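Student: Please find one structure pasted underneath; my questions will follow.
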Amino acid sequence: MNKKNILSVLVLAGACATAGAADFTGRGIFNFKSDSGCPFSALAGPANDCNRLALDDADTRAALDSAAHTIRFANPRVYGEKTIVGDVLLQGSGQSRSNGQRVPLTFHALVSRSGNEWSVSSHAHSPIGGEFGDIKIDPYQVVVIEGSAERVVFTPAQISETLSKPSIAARLANEIVQVQDNRTGGATDADITVGLGLSRASKSVARARFRAPSAKGSELSEAMRQGNWSLELQALSGQIPRQVVQRDLFLYGLESQSLLQPLMQRGFKKNEKLVLGAAGGKGYVRYDGQQREFAGADASARAFLQDSFIGLVLGWQQQQPQQAPVAKANGR
């Protein structure tokens, strides 16, 4: 490790020495408390640990200072191409300017390295489209360490603005994301199709369903508590990028499942399904016509429903009465 990289580590170590700070190292998912609430509070548990730090490799370190509301990233490695090395996901809510309804909102920032340079991109997740006011989200700033210096890449004001007023780029991205409510005939279980493209020219890429035969449709947490439920993801296109599938399996605790190694290696084939569920309180994972017992099914499904765009829409729909299909939702 050269002198510059040693200084980076020392700066991060100094940040972790403050009261209320925690240091995270190596590949893994680390949740921490959201003082602004969680999308589906009953799923998060009493601790409200639904904010997330993800570190994608062993060379990435992060310091979380909850008292100062600061997250610092350090990484001494030089990368040959742009590589995601971590992310920050903050949960909050906002009031829809169109109907006044309070809606769960998520701020998601991807932290990448190319050579020894940092770059950060961000976007918002919400189950419905439009602009939002009265934003409630923990006021974190995100910092990267460059040599012996620090650079702030996101401030609390920028995070709130990302959630309240999507940028032009975000609005354009939102225009090509189509979400269709598939429920008919009074069905209550959530069922959506996600398409990409403008209006009638959109191409369906995925279908997602949450089924809870033993609970009322509006009781998402109760369905999971009873231990009889299923979360089904189906690829309607063979063009979903393999890297996206690989990272999602990592984020939701599925990458080590032997049954899912074909997904890790090649991604989804058209019409393939991945199912997480529980029957009689026993968790399972199902893929390619095979089913295996999986004690972590509950935790993986809870994380997916709260942290992913598709999961956020599913969870929101599960707790809403059936209504006309929603054409737009924010996310990517």
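Let's see how each residue does on (1) within 20 Å of residue 125 (Cα to Cα); (2) modelled with pLDDT of 75 or more; (3) outside any helix (DSSP H, G or I):
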site: 153; (1), (2), (3): yes, yes, yes
site: 159; (1), (2), (3): yes, yes, no
site: 163; (1), (2), (3): yes, yes, no
site: 173; (1), (2), (3): yes, no, no
site: 185; (1), (2), (3): no, yes, yes
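Student: Still on this structure: Which number in (1) modelled with pLDDT under 95; (2) buried (at least 21 other Cβ atoms within 10 Å of the Cβ) marks the one condition that residue 208 misses?
Tutor: Exception for residue 208: condition (1).
Student: From 283, 253, 277, which residue is part of a loop (DSSP other than H, G, I, E, B), surrounded by 13 or more Cβ atoms within 10 Å (Cβ to Cβ) and of a type outside the set (Asp, Glu)?
Tutor: Of 283, 253, 277, the one residue that is part of a loop (DSSP other than H, G, I, E, B), surrounded by 13 or more Cβ atoms within 10 Å (Cβ to Cβ) and of a type outside the set (Asp, Glu) is 253.
Student: While we're looking at this one, here's another question. Give me the strands (runs of 3 or more DSSP E) completely within the range 12-127, filtered to those with at least 1 residues that are surrounded by fewer than 14 Cβ atoms within 10 Å (Cβ to Cβ), touching a residue at least 24 places away in the same chain (Cβ under 8 Å) and more than 22 Å from the chain's Cα centre (by Cα), ordered by residue number.
Tutor: 79-96, 102-115
Student: Across the range 286-299, which residue is nearest to the chain's Cα centre (by Cα) among those that are in a loop (DSSP other than H, G, I, E, B) and modelled with pLDDT of 95 or more?
Tutor: Ranking the qualifying residues of the range 286-299, first place goes to 296.
Student: To continue, here is another question. Consider the range 277-292. How many of its residues are out of contact with any helix residue (DSSP H, G or I) (no Cβ under 9 Å at 6 or more places or on another chain) and within 17 Å of residue 249 (Cα to Cα)?
Tutor: Selection size over the range 277-292: 0.
Student: Does residue 258 count as outside the structural domain of residue 85 (by TED's automatic domain parsing), of a type in the set (Ser, Thr, Tyr) and touching a Gly at 6+ places or on another chain (Cβ under 6 Å)?
Tutor: no
The values are calculated or read from the model by the stated rules, or taken from the named source; none is laboratory data. Predicted model, so just to flag it, every value in this text is computed and none were measured. Heads up, the Cβs are rebuilt from the backbone with ideal geometry, glycines too, and the neighbour counts pull from every protein chain shown.
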